[in-house]
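Following: one structure in structure tokens, then a few remarks.
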Amino acid sequence: MFHCEVVDVNTNEITIEKAQKFIESQKCGASLYFLGTVRDHNNDKTVTGITYDAHDSMVKKSFKEIYEDAIQKLKLDHPAAFVEHAKGYVPLGGISVIIAVACKHRAQVYEFSRFIIEEIKKKTPIWKKEHYQGEETAWLEGKQIQVKK
Amino acid sequence: MKIKVELFGVCREFSDKDFIDLEFDKNIQIKDIRNEMIKFVENKFPENKNYLEMVKKSAFSSKDEIVEDEFMLNSNQTVSIIPPIGGG
């Protein structure tokens, strides 16, 4: 069971409640909620917010591939995952990403959640522009996407 | 032939629009798009070495798939420039 979305935070919001409704199941004895949030500092600079950019259709495709990869590699029992990532300006403390997962047993949900966020960092076309005190902004240096040969 | 290049991340700063239109007079590959983008940045932002570096490090996608430099393009095709990523 899988849900993913790129959430335009100008018109919508990421909530734990939506994730909870999606993943709850009597077949699962464990669920785990990971939230990525905007922190107030990076590289000795005071951060006031982050603007996220995304290639929406590629992001959703990537999330689905990561979910399917996780099921295959981690051999999960009754997996469910709810993944949403913000697009647009997120202020300090705001949620940039939610990864809610459920499985039959607790050990699997930790692996499952960690797998998803680490793969997103490596494979999913999302970008961050940090906003600092004053008017200064900067796109963060990211990881190069590898071309499959 | 005309190719539309959709801009993302830092590359959005290359234009006020979300894309750049490039014109070619022959069949081309992704590497030709990259070279044209390099020329575009060198002309428009001669002082900005970071933009140049970003184009060199970028991947390109067609129909939601990352494609190699040798990938052939058709007329009026749309591709996306995918600079180094960093979500989460």
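Readers should treat all values here as calculations from the given coordinates under stated rules, not as data from a laboratory. As the structure is a computational prediction, the values presented were derived from the model and not from experiment. Counting neighbours? That spans all protein chains shown, and the Cβs are built from the backbone with ideal geometry, glycine included.
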* Structure fact -> Quick note on A:3, A:85, ordering by fewest other C-beta atoms within 10 Å, gives A:3, A:85
* Structure fact -> Note to self: C-alpha centroids of the stretch B:38-76 and the stretch A:89-106 sit apart, in Å, by 33
* Hydrodynamic radius by Kirkwood, which averages 1/r over all alpha carbon pairs of chain B, in angstrom -> 13.1
* **Restricting chain B to GluC sites (Glu not before Pro) in coil, as DSSP defines it, with at most 11 other Cβ within 10 Å** => B:47, B:70
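With n ≥ 4 as the cut-off for DSSP H runs, can you work out [θ] at 222 nm for chain B, using -39500 (n - 2.57) per run divided by the number of residues, rounded to the nearest 500? Write down the numbers at each step before the final one.
Numbers: 2 runs with 24 residues, N = 88.
Value at 222 nm, helices only: -8500 deg cm²/dmol.
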* Asked: Can you work out the FRET efficiency for the pair residue B:57 and residue B:1, with r the C-beta to C-beta distance and R0 = 35 Å, to the nearest 0.05?
  -> 0.85
* To do: Please tell me the relative contact order of the stretch A:96-140 in percent, rounded to the nearest whole number, where contacts are Cα pairs under 8 Å and at least six residues apart.
  => 23
* For chain A: relative contact order, % (alpha-carbon pairs under 8 angstrom, 6 or more apart) -> 34
* Contour minus end-to-end for residue A:21 and residue A:46, with contour as 0.36 nm per residue of separation and end-to-end as the Cα-Cα distance? -> 5.4 nm
* Fully extended contour minus Cα-Cα distance, from residue A:141 to residue A:92, at 0.36 nm per residue -> 15.6 nm
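Kindly provide the helix-only [θ] at 222 nm of chain A, computed as the sum of -39,500 (n - 2.57) over DSSP H runs of four or more divided by all residues, to the nearest 500 deg cm²/dmol?
-10000 deg cm²/dmol
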* Asked: Mind checking the alpha-carbon convex hull of the protein assembly as shown and giving the volume per residue in Å³?
  -> 134
* Asked: Counting other Cβ atoms within 10 Å of each Cβ, which trypsin sites (Lys or Arg not before Pro) in the stretch A:5-68 have at most 15 and sit in a DSSP loop?
  -> A:27, A:39
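May I ask you to list the GluC sites (Glu not before Pro) in the stretch A:12-64 that are in a DSSP loop and have at most 14 other Cβ atoms within 10 Å of their Cβ? The partial results should precede the final answer.
Details: sites: A:13, A:17, A:24; in loops: A:13, A:24.
Within the stretch A:12-64, the qualifying GluC sites (Glu not before Pro) (loop, at most 14 other Cβ atoms within 10 Å) are A:13, A:24.
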* Structure fact -> Taking R0 as 25 Å and r as the Cβ-Cβ distance between residue B:69 and residue B:26, the FRET efficiency 1/(1 + (r/R0)^6), rounded to the nearest 0.05, comes to 0.90
